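Visitor: This is the structure I want to talk about, given as structure tokens.
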Amino acid sequence: TMKRRQRINRRPSDGGGGDVSALPLTSTPLFRKSEHHSKQVVIRKVFFTILLIVSVILIVQVFVDVIFEPSDPEPAFYTITSVPSATEDMKVVEWQQNGEQLPVIHVLHTRFMQQQANLTSLAQARLLLFQVFCLPTIAHQSTQHFIWIIKADPDLDRTVLSQLVKLLEPYDNFFLVASNTNYLVNPKVPGAWRDSEIRQLQHCHVDVDQNDNDSHTHSGGCHIYTGSGRLLTLAMALSHELPVVETRLDADDGLHKEYMHYVQKRALDEFAKFPGLRYKYMCSRQSMEWHWQLVTRGQHQQERREEEQQFAESMSHRNNKNGEDGASTHGMLQVLKNAHMCITPGITVAMGVGTLESEVPIVPHHKLLHTLQNRYNHNLHKEHNHNNATDVPPCGIDECIEFVNGKFAFDAIRSRTPTSAGMLDILQ
């Protein structure tokens, strides 16, 4: 640098360049490079300062969260030890979701593989029917303002049980219960939601580890595997404060997407119209049936065999054409309407506030219409049928049962396979 300055100083000053020795030092390349380096240092310092500040803020935030962490939310599964009081209006508001839902307790009942825990292959087949026909129709109801109690055999195969739990876990109002005790189905087992069902659920326990065989409930016990404990507690607490509606559905059947909302609304309308109404049954008689094979219509066995053979050949041709192998997976759909009988899916009984279990008759579905239709106020059924004197508690109005008529194209869908109701009495 000094030599360069000397050369510059020896240059004549009259060449138009002037005396460069008077130039500032920062205009030389060395100082320009130094100045650029200083700016980089400043930028780095600013960047790391900002990074440090952000890090400190995050650390403080984590520290505050740990020290002042709010209490954990109420666990989804827990043992119900007592029925809480429903004197607080806030519980009613919470159940009705601030007025968005109807003031009613609606319970849907379904049975799965009860008393048949050792039939694992049958359980797998029924699980598929449940997954295809039953679960989607309930999960897509226009209202979810109900609780679904699904009772399975306490000794159900652990693999099937785990699959069932996985299907139901996403829904807070779906409760899988390990129990072989049912209500409102068999006249020999009296009871309903308000008293018997609640007492049973109070003694249920939570399966903490579903993969631990030691924690599994044995026959006669009761576990609750899925569902919101808070929701179940509210339904129990308000069971004597609000009308109760109970609906039946087999695990291989489904309901129209508006069915649950319709029976709720219809029940409340009837209780408002007839203050003395104790209970009322509602049922369906039209359904769509899915058959795994052809539904034959021939009057003679030979005709039916010929129809089945033609159907089998047509389906085989279709499978070969589409490159499919094995039996057909298409099945057949059939629409049915029963004129004088209630079908099982969707049988509903609505009970007014104060109605006791003993005041609600439990009648098989094929006798329900004959037993309750055209009853008059406080007359007993035995007065109309002296040959079969059966005491039927009065419902408080003329007709204690009604059809869900003409509201939907079909009220229910039913699967008809060898693994459905036809296997009811097969135990081994």
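The values are calculated or read from the model by the stated rules, or taken from the named source; none is laboratory data. Remember, predicted model here, so these are calculated numbers, not experimental data. Don't worry about glycine lacking a Cβ; one is built from the backbone with ideal geometry, like all the others, and counts go over all protein chains shown. Heavy atoms of the whole protein, side chains included, go into the accessibility calculation; ligands, DNA and RNA do not. Shrake-Rupley method; radii C 1.70, N 1.55, O 1.52, S 1.80 Å.
Visitor: Here is a list: LEU135, LEU161, LEU167, LEU184. Which entry is out of contact with any Ser or Thr (no Cβ under 6 Å at 6 or more places or on another chain) and assigned to a loop (DSSP other than H, G, I, E, B)?
Guide: Just a single option satisfies the conditions, and that option is LEU184.
Visitor: Further, regarding this structure: Search segment 400-421 for residues that are on the phi > 0 side of the Ramachandran plot and pair each with any residue that is open to solvent by less than 30 Å² (accessible area, probe 1.4 Å) when their beta-carbon atoms are under 9 Å apart and the residues are at least 6 apart or on different chains.
Guide: The qualifying pairs are GLY406/GLN286.
Visitor: Checking ALA267 against (1) farther than 24 Å from GLU359 by Cβ; (2) modelled with pLDDT of 95 or more, which test does it fail?
Guide: Among (1) farther than 24 Å from GLU359 by Cβ; (2) modelled with pLDDT of 95 or more, ALA267 violates only (1).
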